[in-house]
Amino acid sequence: MGKSTRVSQYGQGFTNGLLVRGLPVNQVHPGKVFYANNSTVLPNGGIGGSNGNDGSYLRPFSTIDYAVSQCKASRGDIVLVMPGYTQTITAAAEIGLDVAGVAVIGLGSGSLRPTITFGTNATADIDVSAANISVQNMIFIANVASCATCFEMVSATDFTVEYCEFRDAAATTGFINIIDTDAVANGNDGLYFCHNRIKSLDDVAATSALDIDEAIDRLTVNDNFYVGAAV
């Protein structure tokens with residue numbers, strides 16, 4: 001009989017630290033980690049993603065929105081989105097980033113990065129309505145004409161987007177804005193948009209990275225790469 005391999009789980013961390021073969025391992029976050037996966041590529045011993053699972057590495061949730069809903073505000077929870085995850089959203093606020101302090105991090109590189117496509121409805125978007133949210137290493141594609149925005153901000157401070165890629169699917173489809181801030185003074189203070197790539201193919205209206213609607217403090221926009229069609 002073959003020897004089975006099981007992953008050791010220490011959900012409460014290590015209060016006094018941990019040494020593995022003499023090497024100290026730091027617990028780099030205070031919260032829980034949840035996984036989201038709707039790919040057919042599964043880890044050894046894993047099962048397909050379902051929102052009836054427990055959100056662990058081997059039993060991941062199937063949607064980002066549900067994974068975020070299982071987080072606890074301001075605990076420092078992380079949602080890891082597995083390589084090959086894909087989702088098409090067709091309605092406003094179909095994904096809601098509404099739990100404070102959550103980091104949504106895509107795993108994988110190149111085309112294996114989690115990919116969110118906006119299709120059939122120009123008002124489809126991701127709502128950001130809690131403070132201290134971050135999104136990293138994901139691809140966002142506009143596959144509908146004049147898609148209003150990727151992230152719709154609702155009085156959410158210290159929102160971070162980094163190492164993500166934003167694409168228009170064709171010359172006739174595209175994002176109008178990547179981030180549309182709230183029309184409330186200082187409602188989106190601390191916005192951080194860095195190390196991202198934007199490819200605007202729309203030959204009618206090029207994509208704007210940020211639509212700043214009101215006063216905003218501590219805005220950081222650095223090291224982004226933009227390619228746009230001449231209009």
Inset, instruction - Could you check ALA93 against (1) within 15 Å of the chain's Cα centre (by Cα); (2) at pLDDT 95 or above and say which number it fails? - result: (2)
Legend entry - Single residue of GLY84, GLY96 found to be in a loop (DSSP other than H, G, I, E, B) and surrounded by fewer than 20 Cβ atoms within 10 Å (Cβ to Cβ): GLY84
Inset, instruction - Please enumerate the residues belonging to the range 164-177 that are surrounded by fewer than 19 Cβ atoms within 10 Å (Cβ to Cβ) and among the charged types (D, E, K, R). - result: GLU165
Inset, instruction - Can you run down the residue pairs with Cβ atoms below 6 Å, 6 or more apart or on separate chains, where the first is in the range 72-90 and under 17 Å from ARG59 (Cβ atoms) and the partner is open to solvent by 30 Å² or more (accessible area, probe 1.4 Å) and in a strand (DSSP E or B)? - result: ILE78/VAL33; LEU80/TYR35; LEU80/ILE105
Legend entry - Members of the range 173-231 found to be in contact with a strand residue (DSSP E or B) (Cβ under 7 Å, 6 or more places away or on another chain) and of a type in the set (Gly, Ala, Ser), listed by number: GLY174, SER200, ALA205, ALA206, SER208, ALA209, GLY228, ALA229
Legend entry - Filter result (part of a strand (DSSP E or B) and more than 11 Å from the chain's Cα centre (by Cα)) within the range 122-149: ASP127, ILE141, ALA142, ASN143, CYS147, ALA148, THR149
Legend entry - Single residue of THR207, THR160, THR149, THR181 found to be under 19 Å from THR88 (Cα atoms) and β-branched (Val, Ile, Thr): THR149
Legend entry - Identity of the residue in the range 99-131, without any contact (Cβ under 8 Å) to a residue 60 or more places away in the chain and at positive phi, that ends up most open to solvent (accessible area, probe 1.4 Å): THR120
Inset, instruction - Select from the range 132-159 the residues that are open to solvent by less than 30 Å² (accessible area, probe 1.4 Å) and either small (Gly, Ala, Ser) or within 22 Å of LEU201 (Cβ to Cβ) (or both) and list them in ascending order. - result: SER134, MET138, ILE139, PHE140, ALA142, VAL144, CYS147, THR149, CYS150, PHE151, ALA156
Inset, instruction - Scan (1) over 24 Å from THR120 (Cα atoms); (2) touching a Gly at 6+ places or on another chain (Cβ under 9 Å); (3) not basic (Lys, Arg) for the single condition THR63 breaks and write down its number. - result: (1)
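Could you tell me whether the range 157-165 includes any residue that is closer than 13 Å to ASP213 by Cβ, touching a residue at least 24 places away in the same chain (Cβ under 8 Å) and of a type in the set (D, E, K, R)?
Filtering the range 157-165 for residues closer than 13 Å to ASP213 by Cβ gives none.
Checked against the condition, which is being closer than 13 Å to ASP213 by Cβ, touching a residue at least 24 places away in the same chain (Cβ under 8 Å) and of a type in the set (D, E, K, R), the range 157-165 yields no hits at all.
Take the range 178-205 and flag every residue that is within 20 Å of ASN143 (Cα to Cα) and either among the charged types (D, E, K, R) or buried (at least 19 other Cβ atoms within 10 Å of the Cβ) (or both).
Filtering the range 178-205 for residues within 20 Å of ASN143 (Cα to Cα) gives 178-180, 196-205.
Residues satisfying the conditions are ILE178, ILE179, ASP180, ASN196, ARG197, ILE198, LYS199, SER200, ASP202, ASP203.
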Inset, instruction - Can you run down the residue pairs with Cβ atoms below 7 Å, 6 or more apart or on separate chains, where the first is in the range 167-188 and farther than 14 Å from SER129 by Cβ and without any contact (Cβ under 8 Å) to a residue 60 or more places away in the chain and the partner is surrounded by fewer than 19 Cβ atoms within 10 Å (Cβ to Cβ) and among the hydroxyl-bearing types (Ser, Thr, Tyr)? - result: ILE176/SER146; ILE176/SER208; ASN177/SER208
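The values are calculated or read from the model by the stated rules, or taken from the named source; none is laboratory data. The shown structure was predicted, so the numbers you read here are calculated from the model rather than taken from an experiment. All Cβ positions, glycine included, derive from the backbone under ideal geometry; neighbour counts span all protein chains shown. We work out accessible area using only protein heavy atoms, side chains counted, and drop any ligands, DNA or RNA first. Shrake-Rupley method; radii C 1.70, N 1.55, O 1.52, S 1.80 Å.
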